[in-house]
Amino acid sequence: MFRFGLHVSIAGGLDRIFGRGEGLGVNAVQIFSHSSRSWEFDLPDDAALDAYHRSRSSSSVTRVYIHASYLINVASEDPTIAEKSKTTLRKELETADLLKADGLVLHPGSARGGDRSGAIFRASRIIREVLDSLPGLETPILLENTAGAGSMLGSRPEELGALFTEIDRPHHMGLCLDSCHLFASGFDLSTESGRDEVLSDFFQQVPSGRPSLWHLNDAMFGLGSGRDRHAGLGEGHVGTKGLAGIVRHAKSMEIPLILETPKGEGETLDRQNLRRLLDMANHPVPDALLDAR
Ligand SMILES: [Zn+2]
Ligand SMILES: [Zn+2]
């Protein structure tokens with residue numbers, strides 16, 4: 001089954017995300033489970049969970065991914081930040097499990113000072129300890145490749161591989177590949193042979209041999225810019241041809257695609273980008289997107 005969707009807001013309650021997705025004709029969504037800029041948040045209460053699961057059970061939106069807070073830095077060498085990151089990651093995972101989310105997307109963190117092997121060790125230890133503290137956990141952590149700026153971990157396949165090896169909990173780990181981040185960290189996706197080589201280098205590092213999720217975004221800046229600035233599909237430097245190659249590849253492997261493209265006012269840009277995604281995939285366009293151009 002071809003699964004595709006976009007990042008949506010949880011404004012008004014977690015149960016509202018299904019209607020939002022349905023209104024756009026998608027079958028997968030990504031959310032922040034709480035304000036992504038704050039450390040403090042509560043687990044959803046019983047009423048919120050009831051409403052959420054009731055809406056989900058009758059929805060055509062069948063996949064829900066959660067993006068972890070940007071504040072979390074499991075690689076931090078600052079003990080206070082590391083401890084807060086650990087507590088917050090644990091809560092994110094508990095929430096994800098309560099919501100029966102299909103994955104919690106997490107950036108591997110950053111190593112200020114440039115000691116990358118130390119950072120990989122610290123990040124892996126925290127992730128492993130959090131996983132081990134939650135027996136029965138079903139939602140996997142999906143490490144996301146990053147844009148390759150400075151001391152951010154996880155832009156190169158070998159580094160993601162080192163993290164997976166060091167974490168050593170293969171059944172709880174997956175990969176989320178972001179096309180903008182790939183391009184920003186210097187991986188050219190515009191030719192078929194280049195793309196296949198890059199993808200197989202990344203796929204080989206994942207315990208399951210393939211990513212669990214794609215973030216499909218164009219890149220506002222050029223190849224190797226190191227800058228994490230997303231653009232609408234076909235409006236950036238990856239371009240329609242490169243993105244269409246990814247979409248066909250993902251579709252053939254049944255890897256879900258989530259858009260994190262700029263939103264602007266209302267839903268106009270979301271509709272446009274979803275329509276472009278479906279055209280790239282040669283997939284029938286749902287009624288909700290027929291007039292989107
Ligand atoms: Zn991300
Ligand atoms: Zn992303």
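One table, with the values for the structure above:
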item: Inter-label distance, nm, simple model (7 Å from Cα along the C-beta direction), His249/Ser117; result: 3.1
item: Dipole of the chain, positive direction: furthest Cα of Ser208, Asn27, Ala231, with charges on the beta-carbon; result: Ala231
item: Amide N of region 81-121 lying under 13 Å from the label point, which is placed 7 angstrom from the Cα of Leu43 along Cα→Cβ; result: 90-100
item: Reachable aspartates and glutamates, given that their alpha-carbon falls under 14 Å from the alpha-carbon of Lys263 and they are not under 8 places away in the same chain; result: Asp218, Glu235
item: Most mobile of Ala51, Ala231, Ala82 in a GNM of the chain (Cα contacts under 10 Å); result: Ala51
item: Charge dipole (the chain, unit charges on Cβ, about Cα centre) - positive-most of Val74, Ala96, Leu278; result: Leu278
item: Likely footprinting exposure, Met1, Met220, Met253, fewest C-beta neighbours within 10 Å first; result: Met1, Met253, Met220
item: 3J(HN,Hα) from dihedral phi, region 12-22, Karplus parametrisation 6.51/-1.76/1.60, rounded to Hz, x for glycine, proline; result: x, x, 4, 5, 6, 5, 6, x, 4, x, 4
item: Residue among Ala96, Ala47, Ala147 with the largest mean-square fluctuation in a Gaussian network model of the chain, springs linking Cα atoms under 10 Å; result: Ala47
item: Spin-label pair Thr87/Met1, simplified geometry with 7 Å Cα→Cβ offset, distance in nm; result: 3.9
item: CD proxy at 222 nm, helix term only [per DSSP H run n ≥ 4: -39500 (n - 2.57); per residue of the chain; nearest 500]; result: -12500 deg cm²/dmol
item: Rounded to the nearest 20 debye, dipole of the chain from Cβ charges on Lys, Arg, Asp, Glu; result: 340
item: Selection from Cys180, Pro262, Ala288 lying farthest towards where the dipole of the chain points positive, charges on Cβ; result: Ala288
item: Least to most buried among Tyr70, Tyr65 (fewest other Cβ within 10 Å first); result: Tyr70, Tyr65
item: Rotationally averaged projected area of region 4-289 (alpha carbon convex hull; nm²); result: 13.9
item: Interchain or long-range residues, amide H under 5 Å from Gly174's placed H; result: Ile141, Leu142, Leu143
item: Choice from Thr191, Thr139, Thr165 showing the highest fluctuation, given a GNM over the chain with Cα pairs closer than 10 Å; result: Thr191
item: Under DSSP loop assignment and at most 10 Cβ neighbours within 10 Å, longest GluC sites (Glu not before Pro)-free interval of the chain; result: 41-253
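We did not get these values from a lab; they are worked out from the coordinates using the rules stated. Every value quoted in this text rests on a predicted model; they were computed, and no experiment measured them. Positions of Cβ are backbone-derived with ideal geometry, glycine not excepted, and every protein chain shown enters the neighbour counts.
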